[in-house]
Amino acid sequence: MAARSGVDVRIITPGIPDQKIVNATTRSFYGMLLAEGVRIYEYSLGFLHGKVLVTDDTVAIVGSINMDYRSLIWNYEYGTWIHNSQTVIEIKEDLSGVIEVSREVFYSDWKKSSFMKKVG
């Protein structure tokens, strides 16, 4: 909904998965997101597992938390909320650096992918 309303939404996912089923599930949502204007990048220089969000250059959330019942209730995962701090800008700059060395996924590439041939 945010991308549809003109918000610049970018997602970075692992380019080298640690679990094939999780990777396949993640990629199954690419088409819908890309069609709505979300930009997706795959990072392959290592493995990123932390969850990071930056909004309006004023708010950042950094942590391990997934937004699901198990993570919130059973696993005691957490995130740190940062507001109106230079740290938010530093986090944004770090994410920009990750994006620069990541491969952007385009809808046409996703549609031609081997995953789509098997599933779609």
Does the range 14-26 include one or more residues that are under 16 Å from residue 109 (Cα atoms), among the small types (Gly, Ala, Ser) and at pLDDT below 90?
yes
Please identify the pairs in which a residue from the range 40-65 that is within 11 Å of residue 15 (Cα to Cα) and of a type in the set (Asp, Glu) has its Cβ atom under 6 Å from the Cβ atom of a residue that is outside any strand (DSSP E or B) and modelled with pLDDT under 95, counting only partners at least 6 apart or on another chain.
42/15
For residue 111, all conditions in the list (1) touching a helix residue (DSSP H, G or I) at 6+ places or on another chain (Cβ under 9 Å); (2) crowded, with 16+ Cβ neighbours inside 10 Å; (3) at pLDDT below 90 hold save one; what is the number of the exception?
(2)
So, in the range 30-58, how many residues would count as being part of a loop (DSSP other than H, G, I, E, B), surrounded by 13 or more Cβ atoms within 10 Å (Cβ to Cβ) and out of contact with any Lys or Arg (no Cβ under 9 Å at 6 or more places or on another chain)?
1
Every residue in the range 59-94 that is loosely packed, with under 13 Cβ neighbours inside 10 Å and in contact with a helix residue (DSSP H, G or I) (Cβ under 6 Å, 6 or more places away or on another chain), please.
none
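The values are calculated or read from the model by the stated rules, or taken from the named source; none is laboratory data. Only a predicted model underlies this, so the values are computations on that prediction, with no experimental measurement involved. Cβ atoms come from the backbone with ideal geometry, glycine included; neighbour counts cover every protein chain shown.
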